[in-house]
Amino acid sequence: MKQKPVNSSRMPIYRDAGFELYDADTTKDAFQKETENERIPELYIYSRYRNPTVVAAEDEIMSLEGCRWALLTQSGMSAIDTALSVFQQGRETGPWLFFSEIYGGTISYTEYVLRKRRGIDARIFEPANERYDLSAFENQLEAAKPDVVYIEAISNPMLIVTDLEKVIGLSHKAGAKVIVDNTFATPALCRPLNLGADIVVHSATKYFSGHGNITAGVVCGNDSHLMKACIEYRKFVGHMLSPDDAYRLTTQLKTFSLRFSRQCSNAAGLAGLFRDHPSIRKVWYPGLPEHPTHAEAVKLFGDNGWGGMVTLDFAGTTPEEKKKNRDGFIEKVSGAISLIPSLGDPKTIIMPVESVWGAKYPEPGMIRLSVGFEDYARLEKIVLDGLK
Ligand code: PLP
């Protein structure tokens with residue numbers, strides 16, 4: 001029984017695992033064309049390869065990131081795995097260079113997957129005094145001659161912003177491709193592909209889906225060869241997003257700009273409040289003039305905003321006192337601000353830095369806030385009451 005398409009204004013959820021291919025010749029043709037790895041096939045074959053509901057969500061992200069292609073995956077980590085793996089060339093693979101202040105899961109991936117299992121020479125470039133020294137980076141590029149450089153537009157948890165244009169220019173000059181994780185900055189603050197990045201990845205679990213209820217990732221780019229390589233990898237490894245999640249993501253993406261601009265203004269408000277509060281020793285927020293990379297943030301973001309993440313350190317004369325002040329705050333705000341290990345949620349959420357990063361950031365008074373899009377006056381009151 002064939003029906004005409006329904007006049008819906010949105011792409012429905014196509015839950016087909018496999019699509020109907022009618023007859024042997026059409027099937028042969030579809031499988032032959034499949035080897036071309038186009039983003040939108042003439043005939044859909046199998047949802048692990050491509051799915052129309054997923055393609056509709058990708059279109060939405062392409063217009064946000066201003067890029068020629070976007071490919072959704074079932075997590076941010078699978079997007080990162082896809083972006084990196086297309087540069088792996090068996091024994092020919094050269095070193096890959098990772099800026100050190102990246103998501104802890106990505107660091108674990110470099111250790112447990114890249115080095116330990118795949119034997120890749122994954123190297124780390126460290127910051128000095130809470131900023132990356134780009135002449136030291138140039139030296140490391142010269143010494144390592146990496147195939148790939150990997151960086152986050154805003155680092156985690158110190159919110160270091162780097163001159164991406166320079167990083168990309170220096171990397172390309174040294175023959176390396178550049179992957180930027182733009183999860184924290186989002187395309188509302190910067191579009192690294194316009195600065196020449198080869199691939200941008202996002203954990204769409206965060207600001208893109210924005211409600212803490214979808215796990216997804218996306219790989220974005222402009223180069224069609226890289227797109228085909230990413231499509232092929234996603235298909236054969238099975239990193240494809242489900243149509244149900246893609247449908248919900250499309251809906252939630254419609255409010256991305258509204259949500260994120262409120263998250264940025266709420267975060268800027270709280271950053272100023274914390275800076276002027278006697279209970280707080282130090283605040284890290286790229287919008288504050290005293291942030292070590294404020295100048296880079298001004299260059300990269302212009303007047304788009306400074307992001308929704310704020311990191312701070314509670315005052316205290318001893319580590320025990322700092323820990324007590326941190327724990328007191330977490331407890332006092334707990335009715336309204338939860339401790340959730342994620343970011344980009346509707347409500348403000350907390351992560352205690354030392355509990356997560358351990359020896360890397362051992363300060364017991366530090367917390368990282370992912371600021372939500374609550375009403376600011378209400379949020380400010382909750383925070384001020386928590387600081388009493
Ligand atoms: N990139 C960044 C900056 C992240 O913060 C995260 C997760 O927190 C990821 C990637 C991984 O994303 P996911 O948890 O969706 O796999």
Segment 1-76, Rg to Rh (Cα coordinates; Rh as Kirkwood inverse mean 1/r): 0.99
Projected label distance in nm at V6 and V237, using a 7 Å step from Cα toward the beta-carbon: 3.6
Overall dimensions of segment 24-253 as given by Cα atoms, namely Rg and Dmax in Å: 17.5, 64
3J(HN,Hα) from dihedral phi, segment 208-217, Karplus parametrisation 6.51/-1.76/1.60, rounded to Hz, x for glycine, proline: 5, 7, x, 10, x, 10, 9, 9, 7, x
Distance from segment 188-235 to segment 1-80 (C-alpha centre basis), Å: 17
For segment 163-177, Karplus couplings with θ = phi - 60° (6.51, -1.76, 1.60), whole Hz, Gly/Pro x: 5, 4, 4, 5, 4, 5, x, 5, 5, 4, 4, 8, x, 9, 7
Amide H contacts of A122 (H built 1.01 Å from N, under 5 Å, at least 5 apart or other chain): W96
Separation of the D385 and R91 label points, Cα + 7 Å toward Cβ, nm: 6.7
Positive-end extreme of charge dipole, the chain - chosen from T186, T311, P41 (charges on Cβ): T311
Estimated D of the chain in µm² per second, where Rh is the Kirkwood radius over Cα pairs and Stokes-Einstein applies at 37 °C, 0.692 mPa s: 149
From phi via Karplus (6.51, -1.76, 1.60), per-residue ³J(HN,Hα) for segment 356-371 in Hz, x at Gly/Pro: 9, 8, x, 4, 5, 10, x, 4, x, x, 8, 10, 10, 10, 9, 7
Share antiparallel - DSSP beta bridges, the chain, percent rounded to 5: 60
Accessible area of E232 in the full protein assembly, 1.4 Å probe (Å², nearest 10): 80
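What number, rounded to the nearest 500 deg cm²/dmol, is the helix-based mean residue ellipticity at 222 nm of the chain, given -39500 (n - 2.57) per DSSP H run of at least four residues and division by all its residues?
About -11500 deg cm²/dmol.
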Rounded to the nearest 20 debye, dipole of segment 7-120 from Cβ charges on Lys, Arg, Asp, Glu: 580
Calculated FRET value between R123 and H225, using beta carbons and R₀ = 35 Å, to 0.05: 0.85
Dipole in debye (nearest 20) - the chain, about Cα centre, beta carbon charges: Lys, Arg +1; Asp, Glu -1: 560
27 Å tail of the calculated P(r), segment 256-387, as % of Cα pairs: 14
Antiparallel content of DSSP bridges confined to segment 24-253, in %, to 5: 45
Stretchable slack from K360 to S279, in nm (0.36 nm times residue separation minus alpha-carbon distance): 26.8 nm
Solvent-accessible surface ranking, highest first, for F373, F87, F31 at 1.4 angstrom: F31, F373, F87
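The values are calculated or read from the model by the stated rules, or taken from the named source; none is laboratory data. Just so you know, these numbers come straight off a predicted model, no measurement behind them. Cβ sites come from the backbone with ideal geometry, for glycine too, and all protein chains shown count toward neighbours. Remember, those area values only see protein heavy atoms, side chains included, never the ligands or the DNA or RNA. Shrake-Rupley method; radii C 1.70, N 1.55, O 1.52, S 1.80 Å.
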